[in-house]
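Novice: Before I ask anything, here is the structure I am working with.
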Amino acid sequence: MKKLFLLFFSITFLVGCTQDSSNWYNKKEDAIKYGLEQEGTNATLLSVEEYSGETIVFFERNKALGVSSITEGKKGFSWYRDKGYSDLESESPYSTMGFEMETKQGTKISILVGKAFDKSIKQMKILDDGNEKVLPITENSRLFYTIHNAPFSSLEIITIVD
């Protein structure tokens, strides 16, 4: 028992004393490339969007959505992800969920993610606080996603079929 306590204390101490080990790059594109490599060999870039002065990276891994941000600092650019992957299952034609991500600088960003299970659904239309967005559906995983401003419960989601 004493050895287990010492092991736990040692690991906690080492983790607590570790400095920020982020990898920094001169170019934003290099930070994105590094981040995708760290996510795994099957991580695929979907899009890069600028929002409230932040660079948000959407990617797919194992048919689930990943969202990261690129931190810009004095050392250059660095990859940052604060949430796990979002995957959905349903017997409905499509399924959606909302979550909030936080960038390393503390900006909170609302994300809608969904998956279309019905193959006749070709796109999704989102009505967000009076704004209309048409979202493509990814070919492999059938994911769709967007950054939104209105509360998730107030979004209107419309399917676009053949």
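The values are calculated or read from the model by the stated rules, or taken from the named source; none is laboratory data. Keep in mind that this is a model prediction, so the values were computed, not measured. Cβ atoms come from the backbone with ideal geometry, glycine included; neighbour counts cover every protein chain shown. SASA here: full protein model, heavy atoms, side chains in, ligands and nucleic acids out. Shrake-Rupley method; radii C 1.70, N 1.55, O 1.52, S 1.80 Å.
Novice: For the stretch 127-137, what are the residues that are modelled with pLDDT of 95 or more and either open to solvent by less than 10 Å² (accessible area, probe 1.4 Å) or under 15 Å from SER95 (Cβ atoms) (or both)?
Specialist: Result: LEU135, ILE137.
Novice: Quick check on the stretch 138-162: of everything there that is under 22 Å from ILE56 (Cβ atoms) and of a type in the set (Val, Ile, Thr), which residue is surrounded by the fewest Cβ atoms within 10 Å (Cβ to Cβ)?
Specialist: ILE157
Novice: Taking LYS104 as the residue in question, decide whether it is open to solvent by 50 Å² or more (accessible area, probe 1.4 Å) and part of a strand (DSSP E or B). Don't jump to the end; show me each part of the working.
Specialist: Working: open to solvent by 50 Å² or more (accessible area, probe 1.4 Å): yes; part of a strand (DSSP E or B): no.
It is false that LYS104 is open to solvent by 50 Å² or more (accessible area, probe 1.4 Å) and part of a strand (DSSP E or B).
Novice: Residue pairs, Cβ under 7 Å, 6 or more apart or interchain, first in the stretch 136-150 and assigned to a loop (DSSP other than H, G, I, E, B), second basic (Lys, Arg) and open to solvent by 40 Å² or more (accessible area, probe 1.4 Å). List them.
Specialist: Filtered contacts from the stretch 136-150: ILE137/LYS122; ASN140/LYS63; SER141/LYS63.
Novice: Return only the number of the condition from (1) more than 14 Å from the chain's Cα centre (by Cα); (2) at pLDDT 95 or above; (3) open to solvent by less than 40 Å² (accessible area, probe 1.4 Å) that GLY73 does not satisfy.
Specialist: Going through (1) more than 14 Å from the chain's Cα centre (by Cα); (2) at pLDDT 95 or above; (3) open to solvent by less than 40 Å² (accessible area, probe 1.4 Å) one by one, GLY73 breaks only (2).
Novice: Something else now. State the number of residues belonging to the stretch 45-56 that are among the polar types (S, T, N, Q) and modelled with pLDDT of 95 or more.
Specialist: Number of matching residues: 2.
Novice: While we're on this one: State whether the residues of the stretch 1-22 include one that is at pLDDT 80 or above, of a type outside the set (S, T, N, Q) and either under 29 Å from the mean Cα position of the chain (by Cα) or in a loop (DSSP other than H, G, I, E, B) (or both).
Specialist: no
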